[in-house]
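Quick note: the coordinates plus some simple rules give every number you see, no bench work behind them. Since the structure is predicted, the reported quantities are computational estimates derived from the model, not experimental observations. We place every Cβ from the backbone using ideal geometry, glycine too, and count neighbours over all the protein chains shown.
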Amino acid sequence: MRVLIVDDSSVMRKIVARGLRQADFQIDEILEAGNGQEGLDVLNGPNGKVDLILSDWNMPIMDGLTFIKNVRGGSPDINKIPIAMVTTEGGESKVEAADAAGANGHIKKPFTPDMLKEVLGKFMK
Amino acid sequence: MKEEMASLTMKKEFASLIKEAVHDVFLTFLDTEVIPGPMIAKKEDDTYRPPETEVTVIINFSGGINGGVHLASPLHLSLKLASLFSGEEYDTLLGEAGDGFGELGNMIAGGLQTRLERFGEINLTPPTIISGTDYHMQYKTNFDSIKQYFKCPEGPFYIEFFFWAG
């Protein structure tokens, strides 16, 4: 299974990747992007087939909400990929906005491997 | 609500919530022991000189609570905590280490945000880092604050929670 992590913090991308491994998910490859635009470039590139996307909310150039909208409005190859937000933005209005844009799950920082299992388990093979 | 927030009872509760948030983050991401120390409750313009710190992460709150969180520590501790957080070794706070220490503050602030939901939805700003010792931080005069001190094997740090108390 291939996972795309979209976060402007390289440290956070490492921590999310470590969390996925600690949650015992069978991950074949983790792809990384530093903002929503880079995430779209990965998805639309030659090596862009992924099974799950984890995205931060606040990022420069293209934020997580705009990124979700672009993925859901994208080609049939990418517009059904499950997307979970991994962010400190856990307020009700933010969750509703992300859901309306097409998010499939929400993981609030700080998260634990068990929280990742609970939210992402249904998407993992 | 504002009078309630300024009360010592409420400040003790805030300190307790800070301790929970810090404990969660340290347990989950740093795998290191953290021991709470004293809580200092004061008006920001009271005279009090905290132990010297060299790096301060600032995350501001708006919405249900206006104010924010500071994570402050000596430089050597901020580097060590950033290293424990990311799994990399750092000798300068510039670049990824600063991002890591900022994200650590962000996670603690996020944990506190979750625990303060009864005050309404709280928005967080991205972390900002101030390095150095020779500066004075000043809030609006109607802000109140508490500082909760901690100690981990690598050194001391504190979390300050400042808030508009009316």
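Structure summary
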| item | result |
| --- | --- |
| Cβ-placed point charges (K, R +1; D, E -1), dipole of the range B:48-166 about Cα centre in debye, nearest 20 | 580 debye |
| Expected 222 nm ellipticity per residue - DSSP helices of 4 or more, -39500 (n - 2.57), all of chain B, to 500 | -10500 deg cm²/dmol |
| ³J(HN,Hα), Karplus 6.51/-1.76/1.60, whole Hz, each residue of the range B:16-23, x for Gly, Pro | 5, 5, 4, 4, 4, 5, 5, 4 |
| Residues A:I83, B:I129, sorted so that the one with the fewest Cβ neighbours within 10 Å comes first | B:I129, A:I83 |
| Cα-based equivalent ellipsoid, the range A:2-125: semi-axes from gyration tensor eigenvalues, Å | 19, 17, 14 |
| Exceeding the 32 Å Cα-Cα cut-off - candidates A:K69/B:K151; A:K109/B:K140; A:K69/A:K122; A:K49/B:K19; A:K69/B:K80 | A:K69/B:K151; A:K49/B:K19; A:K69/B:K80 |
| Ellipsoid semi-axes in whole angstrom, largest first, where each is sqrt(5λ) of the Cα gyration tensor of the range A:70-125 | 20, 16, 7 |
| Neighbour-count ranking [beta-carbon atoms within 10 angstrom, fewest first] of A:F123, A:F67, B:F119 | B:F119, A:F123, A:F67 |
| Overall form of the range A:1-49 per C-alpha gyration tensor (a/c, 1.5; a/b vs b/c) | oblate |
| Number of partner chain Cβ atoms within 10 Å, mean per residue of A:10-21 | 4 |
| The range A:1-85, dipole about Cα centre (Lys/Arg Cβ +1, Asp/Glu Cβ -1), debye to the nearest 20 | 160 debye |
| Charged-residue dipole, Cβ positions (Lys, Arg, Asp, Glu), the protein assembly as shown about Cα centre, Debye nearest 20 | 580 debye |
| Alpha carbon convex hull of the protein assembly as shown, volume per residue in cubic angstrom | 129 Å³ |
| Cα gyration tensor shape for chain B, rounded if a/c is under 1.5, else prolate or oblate | prolate |
| Share, in percent, of DSSP beta bridges within the protein assembly as shown that are antiparallel, nearest 5 | 70 percent |
| Order of B:H136, B:H76, B:H23 under a 10 Å beta carbon neighbour criterion, fewest first | B:H136, B:H76, B:H23 |
| Estimated vicinal HN-Hα couplings, Hz - the range A:45-53 in sequence order (Karplus 6.51, -1.76, 1.60; Gly, Pro = x) | x, x, 10, x, 6, 10, 9, 7, 10 |
| Karplus-derived HN-Hα couplings along the range B:68-81 (A = 6.51, B = -1.76, C = 1.60, θ = phi - 60°), whole Hz, x at Gly and Pro | x, 10, 10, 10, 10, 7, x, 4, 4, 6, 4, 5, 5, 5 |
